[in-house]
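Take a look at the structure set out below.
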Amino acid sequence: MRFINPKTDYAFKKIFSSAQSKNILISFLNALLYEGQNTIRDLEFIDTYQPGSVAILKDSYLDVRAKLDNGSTVIIEMQVLNIEGFNKRVIYYAAKVYVNQLQRGKIYTGLKPVISLTIADFTMFKESEKIITRFAFKEWENSFVYPDSDIELFFVELPKFKKNWQI
């Protein structure tokens with residue numbers, strides 16, 4: 001029996017962004033973001049197309065975008081190739097989702113956290129052997145977290161995952 005490669009856009013979106021896969025996505029996110037704790041209990045899928053809010057801004061197409069039951073938005077990207085500028089694209093997508101929450105005249109307290117989860121089929125951080133790497137705004141010397149640090153970046157580097165299969 002042959003299986004479809006979950007690293008392709010079509011398969012990845014089918015597995016993680018369809019109504020039938022809602023429980024799979026919740027379990028997947030709880031495992032990766034919250035160390036297996038049952039933190040996310042529900043989510044709502046959101047359109048993955050992110051137009052520029054003004055004509056000069058670049059459009060974005062996300063693999064998965066969902067609103068969690070705590071109001072946070074999670075965006076997930078499966079990236080097979082380490083293309084030039086990819087690191088900047090990750091930040092751009094997260095920042096764009098964050099700023100597009102507010103309309104003119106709305107107050108900043110209405111902003112909700114954005115979690116960007118990137119699954120990379122290449123090594124991004126050679127200085128670490130960790131499979132999952134998490135970034136947030138922190139003070140440079142003492143590493144305390146910025147108050148209301150609403151943008152977090154999570155990276156899963158697939159080449160660092162080594163599973164020994166036993167039959």
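Per-structure values
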read-out	value
Cross-chain or 6+ apart pairs with Cβ under 6 Å, segment 2-25 first and on the phi < 0 side of the Ramachandran plot and in a helix (DSSP H, G or I), then surrounded by 12 or more Cβ atoms within 10 Å (Cβ to Cβ) and among the aromatic types (F, W, Y)	L25/F16
Pairs with Cβ under 7 Å, 6+ apart, first in segment 113-139 and touching a residue at least 60 places away in the same chain (Cβ under 8 Å) and closer than 18 Å to M78 by Cβ, second among the charged types (D, E, K, R) and not in a strand (DSSP E or B)	D121/K7
Flag if I83 is β-branched (V, I, T) and either touching a Pro at 6+ places or on another chain (Cβ under 9 Å) or surrounded by fewer than 14 Cβ atoms within 10 Å (Cβ to Cβ) (or both)	yes
Residue among I115, I91 that alone is surrounded by 12 or more Cβ atoms within 10 Å (Cβ to Cβ), within 21 Å of S21 (Cβ to Cβ) and under 12 Å from the mean Cα position of the chain (by Cα)	I115
Segment 1-27, residues that are among the hydrophobic types (A, V, I, L, M, F, W, C) and more than 10 Å from V64 (Cβ to Cβ)	M1, F3, I4, A11, A19, I24, I26
Test result for K112, modelled with pLDDT under 90 and in a loop (DSSP other than H, G, I, E, B)	no
Flag for I40 being buried (at least 16 other Cβ atoms within 10 Å of the Cβ), at pLDDT 80 or above and in contact with a helix residue (DSSP H, G or I) (Cβ under 9 Å, 6 or more places away or on another chain)	yes
When residues of segment 8-37 are limited to those that are of a type in the set (K, R) and modelled with pLDDT under 85, the one surrounded by the fewest Cβ atoms within 10 Å (Cβ to Cβ)	K14
Count of segment 118-149 residues which are in a loop (DSSP other than H, G, I, E, B) and either hydroxyl-bearing (S, T, Y) or surrounded by 18 or more Cβ atoms within 10 Å (Cβ to Cβ) (or both)	6
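The values are calculated or read from the model by the stated rules, or taken from the named source; none is laboratory data. Keep in mind that this is a model prediction, so the values were computed, not measured. Glycine gets a Cβ as well: all are built from the backbone with ideal geometry, and neighbour counts include every protein chain shown.
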